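Let me begin by presenting the structure, written as structure tokens, before commenting on it.
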Amino acid sequence: MNTDIDFMNIAEGDKAFVTEFENFVNGKVSSTEKTGMAMTTMHRYLQQQAFKVCVGFMKSLAHNYQKGRFDDRNEWASRMADLMYGTMVEDGIFFDPEYLELIHGK
């Protein structure tokens, strides 16, 4: 697996979401932009929770990018995640000393 996360230690409901979302983006989504915009109509608390999922995904992609764990199929997403997440960590919005060590060395 191309991540440090042990997928076996994730709650069953979370695994089910990942599988369902994977299936959605692998053939059911017609417009990623419009789908993202439609998500802003969710209840505001749910928007907050959905954004936390997005940040977790972005964090994992950024860490993987810094470790060279990407290929041509996900390089753009990994690079964009690294740029966005890196900016937020560098600006002190998120605290992630492991990521700072990856980008600045020991």
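Annotations for the structure displayed:
- On Cα atoms only, tilt of 12-23 relative to the major axis of the chain in degrees: 80
- From phi via Karplus (6.51, -1.76, 1.60), per-residue ³J(HN,Hα) for segment 36-52 in Hz, x at Gly/Pro: x, 5, 5, 5, 6, 8, 5, 3, 4, 5, 5, 4, 4, 5, 4, 5, 4
- The long axis of helix 75-90 is offset from the longest Cα principal axis of the chain by roughly 70 degrees.
- Å² of accessible area per residue within the chain, as computed with a 1.4 Å probe and no ligands counted: 78
- Peptides 93-102, 12-21 ranked from most to least packed, by the mean per-residue count of other Cβ atoms within 10 Å: 93-102, 12-21.
- Protection proxy ranking, highest mean first, for peptides 29-38, 76-85: 76-85, 29-38, where packing is the per-residue count of other beta-carbon atoms within 10 Å, averaged.
- Dimensions (Å) - the chain, Cα atoms, principal axes, largest first: 42, 29, 28
- Candidates Val53, Val25, Val89: whichever shows maximal mean-square fluctuation once the chain is modelled as a Gaussian network with Cα springs under 10 Å: Val25
The values are calculated or read from the model by the stated rules, or taken from the named source; none is laboratory data. What you are looking at is a predicted structure, and each value in this text was computed from that prediction instead of being measured. All Cβ positions, glycine included, derive from the backbone under ideal geometry; neighbour counts span all protein chains shown. When the accessible area is computed, the model is the full protein with side chains, heavy atoms only, and any ligands, DNA or RNA have been set aside. Shrake-Rupley method; radii C 1.70, N 1.55, O 1.52, S 1.80 Å.
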